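Enquirer: Provided herewith is a single structure, encoded as structure tokens, for subsequent inquiry.
The values are calculated or read from the model by the stated rules, or taken from the named source; none is laboratory data. All of these numbers come straight from a predicted model, not from anything done at the bench. Ideal geometry is used to build each Cβ from the backbone, glycine not excepted, and the neighbour counts take in all protein chains shown. What goes into the accessible areas is simple: the full protein's heavy atoms, side chains included, and nothing from ligands, DNA or RNA. Shrake-Rupley method; radii C 1.70, N 1.55, O 1.52, S 1.80 Å.
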Amino acid sequence: MHSSWESKRLRWSAIFLGVSNILTIILGIILMFGANPPCRKGDIAPFLAIVFVSSLRIPAMLCTAFAQRAMATIIIDSQSETETRVVDAATLRHERRKRYKRWVWCTRFAMTITVFQILDAAYLLVNVTKSIHQERASSNCVLGLALRGTKEKLKTLALFMGVVCCTTVVQCCAGSDVLRWRSFYATEGNLWKAHYQEVFDHGIREAFCCLGRVKYLTALEEDEIYSVAQLLGDLVTYRATGTGHLELLAGLALLQKCRPFTQSHEELLEIPPERVHEAAVFHQFAEAAYTGLLLDVGRNPLMFPCAWLYRQGIFSLWSRNRRPAVEGDNWWRGHAAAFLKHVKSTPDALRKGRINQGKCKASYFMMVLHHLKSVVIAVRGTETPEDLITDGLCRECCLSKEDLDGLINDGATTTRVSSLSYYGHSGVIEAAQDLYMQIEGNSTQGSETCGYLSSLLGEGCECEGYNLRIVGHSLGGAIAAVLGFRLYRRYPKLHVYAYGPLPCLDLNAADACSNFVTSVILNNEFSARLSVASIMRLRAAAIDALSQDSIARSAIVSLAHRYFSLNGFSVKDNKMLKEVSDFSSLSKVEARTTQTLRQTHQYGRGEEDLESCWEEIAKEDSFKPEISLTDSKPNYDDLFSPPNVCHYDDQFKLAAAIPSSETRSSHNVPEMFVPGLVIHIVPVKEHVHHPLLKRFSIWEEDCSYKAYIAKRESFKDIIVSPSMFLDHLPWRCYRAIRKVLDSENLRSL
């Protein structure tokens, strides 16, 4: 009974590969030693290599299977023991990591064998092809005897070649897993979350190790990598619904055609021209803060090494001593040179800065612009792996009174601020606090801070009366906005310009800073919509969009079919779901029926199980489906198709009910918003008529833009579109701002 249950855990591809490798060994031995007279060792070497590698594949599969089972067992045991608190969490985490590493090494050994199988199969295929073209006059003894011998030998060679080629192709497509993870985790969202948490944790640590951050690979405690892995594990719990990775991609391809409902631009207010002018003037500093390779890879994909070395001043090392010294810069002060070269400024204008590769430590540059009577602090966005960690630490974190110092100007505001609870992006808040210590320090004189910024803008100082402008792009824009909270009371002439910032504050805090923070968002860029809640809603919308297709359809076929036929996509109308008013009943129905549908697809159960499921639900609940189970059979595809995949909130509610064991949803994840006054720059005309290869180049040249004041609530959901990543590029945002300035309504200014 136990062995029968274990055999059900095997993947069909693993069974096929096991049989085919055994058959390869048998046929190879027949070809090598069935020749009369016996062939030389050099002639049987290619066949011997294939037989040897196939013989290694069998123990490798056994090793992987045992490692998989051990990994799944510790995941299941750790969840139960953590809930009952029988074993220390650190001990369980150490054991999970140890078993995961064992599985990873077994998998890598199997992948190495796959590479050798590919090479051996390719070498043998070339030799057989050459022998056939040489009219069966092969120098290889085994091939020559098989090609010139009896039909049985020729059939044996053909069968051997077919099995070797099929085995190689199936191995490449199926991967190294032997057992089905679903046979262990089923529909338990917590187990899938714990599994993928280990996957992401180990993967991120190894990636950081390859980039020179060895300390993360040996860390055993719960560090920032562990926190990011926990978040990513939360996002992959869609596996509990029976949805695969390719199926999710297919759903995202469907959403590319369907966009969420947004308010028409004609109903929005136009932006004051002076805000657009200042945003254009100071954008170059936010873009210049990217002094690494990232900026040059985007702008010069082919010649980026030369462009980066030129910007870094590597070709003018004799001017090293004239460049300002920046903390963390390389020995030839290349980052300072790159920043100054981009903004076309003199070295004396750059007063302070830092190039850092630490967690939640932002890189920045501080400049004094006498011709603009401004002090500019440019905060760099995401460029290094550590910046990605800061992005990933997106759990909510309460803002302290020190963080909200800029909002406390008078007694009334103090009472209002103290009566509300503000929260924000934990990684951004920590980075802003560290940056504040960098520019103002922790030393105080009376009640005022005596930091470097105060020494510039203080009374009687060099820049007394100057404006203070803090700018940043992406992550840098979010950090700049939170930093502005601390500095606004002390420097009333402060203004923050954030270009494509991350959602980093709650609604109250984001509204409260509208006087001194301006966020500029270009069209559909993803960063201004990227939060935990928006990703969960996007995941749910993708799953529901995919539910319009037959569940039995292959994920690969669905992905290919939908991706190449997006223009013919149409949304089905589901009358039954429109008539449902009781969401609690709908949640139970959706969860039960979805589980039955998944079992029908995976285990071959019939539609009568689905009908019995409906009958059982009808007896238990007051919910009565508007459908007859006896007179006619229902259309199951139409029955569970959502009424409109564009409604993200409704789609999330529907999909959140599917995995009953999933503990997190967008309902208990605090919402994050873009800070300050939101300027949305949108294109005036669509570009759907342009060919795909020329679409974006023609679009940038011909398109005109308009700027509007938008509601921050309209950026809660991610829009899946071809331009969602391209719109986030900093130079595209600058071009759009310039075209707004060149438009009719601003030309006279």
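Enquirer: Consider Tyr497 carefully, then state whether it is out of contact with any Lys or Arg (no Cβ under 8 Å at 6 or more places or on another chain) and hydroxyl-bearing (Ser, Thr, Tyr).
Expert: Against the criterion (out of contact with any Lys or Arg (no Cβ under 8 Å at 6 or more places or on another chain) and hydroxyl-bearing (Ser, Thr, Tyr)), Tyr497 does not qualify.
Enquirer: Answer yes if at least one residue in segment 678-697 is at pLDDT 85 or above and part of a loop (DSSP other than H, G, I, E, B), and no otherwise.
Expert: The answer is no, given that none of the residues of segment 678-697 is at pLDDT 85 or above and part of a loop (DSSP other than H, G, I, E, B).
Enquirer: Please go through (1) at pLDDT below 95; (2) touching a Leu at 6+ places or on another chain (Cβ under 9 Å) for Tyr499 and return the number of the only condition it doesn't satisfy.
Expert: Unmet condition: (1).
Enquirer: Within segment 229-273, take every residue that is modelled with pLDDT of 70 or more and part of a loop (DSSP other than H, G, I, E, B) and give me the one that is nearest to Pro683 (Cα to Cα).
Expert: In this case the residue turns out to be Ile271.
Enquirer: Continuing with this model, one more query. Quick check, is Glu402 modelled with pLDDT of 85 or more and open to solvent by 30 Å² or more (accessible area, probe 1.4 Å)?
Expert: no
Enquirer: Taking segment 187-228 only, how many residues are of a type in the set (A, V, I, L, M, F, W, C) and either at pLDDT below 85 or more than 22 Å from Thr91 (Cα to Cα) (or both)?
Expert: The qualifying residues number 9.
Enquirer: Would it be correct to say that Val669 is modelled with pLDDT of 55 or more and in contact with a Phe, Trp or Tyr (Cβ under 7 Å, 6 or more places away or on another chain)?
Expert: Taking the combined requirement at face value, the residue does not satisfy it.
Enquirer: Consider Lys739 carefully, then state whether it is basic (Lys, Arg), at pLDDT below 90, within 22 Å of Ile521 (Cβ to Cβ) and in contact with a strand residue (DSSP E or B) (Cβ under 6 Å, 6 or more places away or on another chain).
Expert: Yes; evaluated as a whole, the condition is true for this residue.
Enquirer: Among the residues of segment 178-185, is any farther than 19 Å from Arg9 by Cβ and either not hydrophobic (A, V, I, L, M, F, W, C) or not in a helix (DSSP H, G or I) (or both)?
Expert: no
Enquirer: Can you name every residue in segment 510-529 that is open to solvent by 10 Å² or more (accessible area, probe 1.4 Å), part of a helix (DSSP H, G or I) and among the hydrophobic types (A, V, I, L, M, F, W, C)?
Expert: Ala512, the sole residue that qualifies.
Enquirer: Which numbered condition in (1) surrounded by fewer than 21 Cβ atoms within 10 Å (Cβ to Cβ); (2) over 19 Å from Ala279 (Cα atoms); (3) over 20 Å from the mean Cα position of the chain (by Cα) is the only one that Ser374 fails?
Expert: (2)
Enquirer: Can you find, within segment 311-350, the residue that is nearest to Ile439 (Cα to Cα) among those that are under 32 Å from the mean Cα position of the chain (by Cα) and open to solvent by 50 Å² or more (accessible area, probe 1.4 Å)?
Expert: Among residues in segment 311-350 that are under 32 Å from the mean Cα position of the chain (by Cα) and open to solvent by 50 Å² or more (accessible area, probe 1.4 Å), the one nearest to Ile439 (Cα to Cα) is Glu327.
Enquirer: Right, another one. Within the set of pairs 6 or more residues apart or between chains, which connect a residue that is under 17 Å from Asp329 (Cα atoms) inside segment 288-316 to a residue that is open to solvent by 60 Å² or more (accessible area, probe 1.4 Å) and of a type in the set (Lys, Arg) with Cβ atoms less than 7 Å apart?
Expert: Arg311/Lys341
Rundown of residues vs (1) assigned to a helix (DSSP H, G or I); (2) at pLDDT 80 or above, yes/no style:
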| position | (1), (2) |
| --- | --- |
| Thr82 | yes, no |
| Val87 | no, no |
| His94 | yes, yes |
| Tyr100 | yes, yes |
| Phe109 | yes, yes |
| Thr114 | yes, yes |
| Leu125 | yes, yes |
| Val128 | yes, no |
| Ser131 | yes, no |
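Enquirer: Can you tell me which of Leu502, Leu483, Leu453 is part of a loop (DSSP other than H, G, I, E, B) and touching a helix residue (DSSP H, G or I) at 6+ places or on another chain (Cβ under 7 Å)?
Expert: After applying the criteria, what remains is Leu502.
Enquirer: In the set Tyr499, Tyr466, Tyr488, which member is under 31 Å from the mean Cα position of the chain (by Cα) and in contact (Cβ under 8 Å) with a residue 40 or more places away in the chain?
Expert: Answer to the selection: Tyr499.
Enquirer: Of the numbered conditions (1) under 30 Å from Ala121 (Cα atoms); (2) open to solvent by less than 30 Å² (accessible area, probe 1.4 Å); (3) modelled with pLDDT under 90, Phe33 fails exactly one; give the number of that condition.
Expert: (2)
Enquirer: Residue by residue through segment 103-126, note down the ones that are of a type in the set (A, V, I, L, M) and under 28 Å from Ala72 (Cβ atoms).
Expert: Across segment 103-126, the qualifying residues are Val104, Ala110, Met111, Ile113, Val115.
Enquirer: Quick one: in segment 161-198, of everything that is closer than 21 Å to Phe109 by Cβ and hydroxyl-bearing (Ser, Thr, Tyr), which residue is surrounded by the most Cβ atoms within 10 Å (Cβ to Cβ)?
Expert: Thr167
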